[in-house]
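The values are calculated or read from the model by the stated rules, or taken from the named source; none is laboratory data. Worth saying up front: this structure is predicted, and the values here are computed from it rather than measured. Glycine gets a Cβ as well: all are built from the backbone with ideal geometry, and neighbour counts include every protein chain shown. Surface areas here come from the heavy atoms of the whole protein model, side chains and all, with no ligands, DNA or RNA. Shrake-Rupley method; radii C 1.70, N 1.55, O 1.52, S 1.80 Å.
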Amino acid sequence: MGPSKISPFEATPIDSIPATVNLCKTSFHAQTTKPLSYRLTQLRKLYWGIDDYADALVESCKQDIGKPVFESFISEIDWCKNDIVFVTKNLEKWMKDEAAPDMAFTNSLLKPTIRKEPLGTILVIGAYNFPVQLQLGPVIGAIAAGCSVVLKPSEVSPATAMVIKKIVEEYLDPNSFAVVNGGVPETTALLNEKWDKIFYTGSAQVGTIIAKKAAETLTPVTLELGGLNPAFITKNADPRLAARRLLWGKLLNAGQVCMSENYVMVEKEILPAFIEQLKITLKEFFPNGQKSSEDFARIVNKRHFQRIKKMLDETSGEILIGGEMDESQNFIELTVVQVQDENDSTVVDEIFGPIMPLLAVDNIETAIRTANKVHSTPLGLYAFGSKAETNKILNEVTSGGASINDAYYHGSIPTLAFGGVGNSGQGAYRGKASFDSFTHRRSVTTTPGWMESMISVRYPPYAGKLPQIRRLTQQKPNFDRQGKEIKGVGYWFSFVFGLGANSLKGAIARWVVVALVAVGFKKAQGNSSLPPWLR
Ligand code: NAD
C-alpha cells in the first residue's frame, strides 16, 4: 500500500464488537492458536506485513505526530520487526516444559513440571505516542504465547491505527486476530466483554478505569503507565555528556515518551556548566533550529499542544532556552525552564512534551528526598555522577527501570523486560518478558500407580503415622534462632576441598586454575617431572 492510500479514520461499529470477540475466543478454544507452527507462521506473516507497509507506516507516523523518518524506522518499524525475529528464533525453547528446581528424590518420581500455557483471548489497548510499537509490541508477545488477540489502537494516532488494522486484517488469521478502532465508546464496549487478560498502555487515570473494570471479572491486567521520571546530575558528573544524553531523552518524539525525564535536579555547583552545555549541544543538534528541521516531531494534536502550552504559561520558572510555539503546526520548541521549587506544575505533572524543568539542589540527599516526595514510584530514573553517587541514588529511589549515565537507554534495549512499579504500572514485556506476560505457568505432577504403597502414609487414619511422615518431609533449617546462618558439614567440605567455592562448578573452576598455574610454574622451571605431553 502506498502512503497516499491511508484510509480516513473510521471507528469500528460498536454492535460488531461482540461477534469479533467471540470469533477470537472460539478460535482459541478450538486450539487453533496453540501449535508452535501456527504461532511462528503468524509472527512471520506479521513481519512481512510490517515490511510491506513500511512506507505507509512512515507516512502515517508523519501525519499523526510529525515523526521523523529516522525515528519511525528505529523506534517503530524496525523495532517491531527485530522483536519478531528475536521471538521467532527463541520461541521453541521458551515453550518447552520446565522441571521444578531442587527436588527431593521422592518428588522427582512425580515429574513436577511447569507447562507454558497461553492465557487465552487478550485485549490490547495502546497509547498514541509510539503508534506502531505500543500496539504491535504486546500483540507479538500474545501471538508468541499462543493467544488470540483483539487490538484497540489509540485513536489519537488515527492514520497509523488505520494502517495497523489493514496489516492485521491482510496478514494475520482473521479468526484469531482483530483490530477494533475507536475511542472511549468502543473501548468501553470492549471492556464489557470477558477477557483472559487486558494489556493496557496509557495514562494512570485511564489505567485506573481499566483496572477497576477488570477487577469486576477478576481479569488479570498489565498496566504500562506514565512517567514523572527524575534525572539527577551531581557535581561530579560530566556536564557535556549529561546535556547530550538528556537532550536526546527530550528531543526524541518531541518529548512525548513515557520514559522521558520529567524534571532534572542539578547540584548548584554544576548548574551553570550544564546550562552552557545544553545551549552548545542544541546548536550542534539543530544548527538551524528545530522548527525547520526534518528531525523534530510535532505535538500530537491541539488538545495536547494547549495542555503543554498551559504548563509553560503557568510555571513560575524562568525560561532559559527556547519557548517558541506555533499552534498551526502543533510545534513546541525544546524549552528549558529553571524552576524554583519542587511544587511547580512542570515537576509534579507529567509533561509528555519538549519541556525540560531544571531544579537546582544543594546536595544529592535533597534531590533524593525530592524525588521520593514528587512520585515515589516513577517509570524511569536517570543519574549522572560518580559511581558511589549513582549507586546511592539507585538504592534510595525506586523506579520501573533506570539508566545510569544516560536518559532511558534501558528502555531502548528490546530484549530487556520493560515495565513500571507502583503507580507507573504493573507487569512487564519485551523479548522473553512478552512471552511470559501472556503465558500461564501451569504446575503439573503425574503420580505413578506403583507409588501407592510409598505414599499411603498420607491417608487417614493418621494415628501413628506422624513421625514417619515428618521424617520423610521435614527440612532441617540452616539458620539459628538469631537468624544467623549455620554452616553445615557440606559447607566446610566444599570450603576446604573446593578452595572456598560455594558450588561444584566453582570448585572445579578453581581447581582448574590451580592446576594451570602449577603446570605453568613447573614449565617455567623446566621441570622434567611433568608428563611428556605437558612439557
Ligand atoms: P490515554 O490513557 O489517554 O489513552 C490510552 C488508551 O486508552 C487509548 O487507546 C484510549 O482510546 C483509551 N482510553 C482513553 N480514555 C478511556 C476511557 N475513559 N475508557 C476506556 N479507554 C480509554 O493515554 P495516551 O494519551 O494515549 O498516552 C499518554 C500516557 O500514556 C502518558 O501518561 C504516558 O506516560 C503513558 N504511556 C506509558 C507507556 C509505558 O509503556 N509505560 C508508553 C506510552 C505512554
(request) List the pair-distance distribution P(r) of the range 230-412, using every Cα-Cα distance, as the percent of pairs falling in each 5 Å bin from 0 up to the bin containing the longest distance, rounded to whole percents. (result) 1, 9, 19, 23, 22, 15, 7, 3, 1, 0
(message) Give me a comma-separated list of calculated 3J(HN,Hα) values for the range 177-192, in order, Karplus coefficients 6.51, -1.76, 1.60 applied at θ = phi - 60°, integers in Hz, x for any Gly or Pro.
(response) 9, 9, 10, 10, 9, x, x, 4, x, 5, 5, 5, 4, 5, 5, 6
(message) Run lengths n ≥ 4 of DSSP H only: what is the helix-derived mean residue ellipticity at 222 nm for the chain, with -39500 (n - 2.57) per run over all residues, to the nearest 500?
(response) -13000 deg cm²/dmol
(request) Please turn the phi angles of the range 474-489 into ³J(HN,Hα) values with the Karplus equation 6.51 cos²θ - 1.76 cosθ + 1.60 (θ = phi - 60°), one per residue in order, whole Hz, x for glycine and proline. (result) 6, 9, 7, x, 9, 9, 9, 5, 8, x, 8, 6, 9, 8, x, 4
(request) Roll a 1.4 Å probe over the protein chains and send me the accessible area per residue for the range 460-534 in Å². (result) 90
(request) Count charges around THR222 for me, please; just the other residues with Cβ under 13 Å from its Cβ, Lys/Arg as +1, Asp/Glu as -1. (result) -1
(request) Would you mind classifying the chain by shape? Square roots of the alpha carbon gyration tensor eigenvalues, ordered a ≥ b ≥ c; an a/c under 1.5 is rounded, otherwise it is prolate if a/b is larger than b/c and oblate if not. (result) oblate
(request) Report, to the nearest 10°, how far helix 17-29 tilts away from the longest principal axis of the Cα atoms in the chain, using its own Cα long axis and a range of 0 to 90°. (result) 20
(request) Take every DSSP beta bridge whose two residues both sit in the chain, then give the antiparallel share in percent to the nearest 5. (result) 35
(message) What three numbers, in Å, describe the spread of the alpha carbons of the range 382-448 along their principal axes, ordered from the longest?
(response) 59, 23, 23
(message) Could you work out the pair-distance distribution P(r) of the range 360-482 from its alpha-carbon pairs, with 5 angstrom bin width and percents rounded to whole numbers?
(response) 2, 8, 11, 12, 10, 7, 7, 9, 8, 8, 7, 6, 3, 1, 0
(message) Can you give me the long-range amide H partners of HIS440? Hydrogens built in the peptide plane at 1.01 Å from N, cutoff under 5 Å, separation of 5 or more residues or another chain.
(response) GLU117, LEU119
(request) With N denoting the number of residues in the range 210-321, provide Rg(C-alpha) divided by 2.2 N^0.38 Å, to two decimal places. (result) 1.35
(request) Using only the alpha carbons of the range 262-303, determine the length spanned along each of the three principal axes and report them from longest to shortest in whole angstroms. (result) 38, 27, 10
(request) List the residues whose amide H sits under 5 Å from the amide H of PHE199, counting only those 5 or more places along or on another chain, with H placed 1.01 Å from N in the peptide plane. (result) LEU123, VAL124, ILE125, THR222
(request) Could you go through the range 453-462 in sequence order and give the Karplus-derived ³J(HN,Hα) for each residue, using 6.51 cos²θ - 1.76 cosθ + 1.60 with θ = phi - 60°, rounded to whole Hz, and x for Gly and Pro? (result) 5, 5, 9, 5, 4, 7, 8, x, x, 7
(request) Indicate the gyration tensor shape class of the range 21-61 (rounded, prolate or oblate), computed on the Cα atoms with a ≥ b ≥ c the square roots of the eigenvalues: a/c under 1.5 is rounded; otherwise a/b larger than b/c is prolate and the rest oblate. (result) oblate
(request) Would you give the gap between the C-alpha center of the range 423-446 and the C-alpha center of the range 467-524, rounded to a whole Å? (result) 34
(request) Taking H placed 1.01 Å from N in the peptide plane, check which residues at least 5 places from LYS465 or on another chain put their amide H under 5 Å from its amide H. (result) none
(message) Using only the alpha-carbon atoms, how far is helix 302-314 inclined from the longest principal axis of the chain? Give it as 0 to 90 degrees, nearest 10.
(response) 90
(request) Using a 1.4 Å probe and ignoring any ligands, DNA or RNA, find the accessible area of ILE84 and quote it in Å² to the nearest 10. (result) 0
(message) If you roll a 1.4 angstrom probe over the protein chains with everything in place, what fraction of the accessible area of the chain belongs to carbon and sulfur, to the nearest %?
(response) 57
(message) Need the C-alpha centroid separation for the range 136-192 versus the range 104-118, integer Å.
(response) 36
(message) Relative contact order for the chain: what percent, with Cα pairs under 8 Å and sequence separation of 6 or more?
(response) 15
(message) For the range 472-535, compute Rg over Rh where Rg is the Cα radius of gyration and Rh is the Kirkwood radius from the inverse mean 1/r over Cα pairs.
(response) 1.29
(request) May I have the convex hull volume per residue, in Å³, for the Cα set of the range 1-74? (result) 120
(message) Once each part is reduced to its C-alpha centroid, what is the distance from the range 274-329 to the range 1-66 in angstrom?
(response) 35
(request) Whenever you get a sec, line up MET325, MET259 from highest to lowest accessible area (probe 1.4 Å, protein heavy atoms). (result) MET325, MET259
(request) Measure nothing fancy, just the Cα-based angle from helix 271-285's long axis to the longest principal axis of the chain, in degrees from 0 to 90, nearest 10. (result) 70
(message) How long are the semi-axes of the equivalent ellipsoid of the range 43-90, taking √(5λ) for every eigenvalue λ of the Cα gyration tensor, in whole Å from largest down?
(response) 22, 11, 6
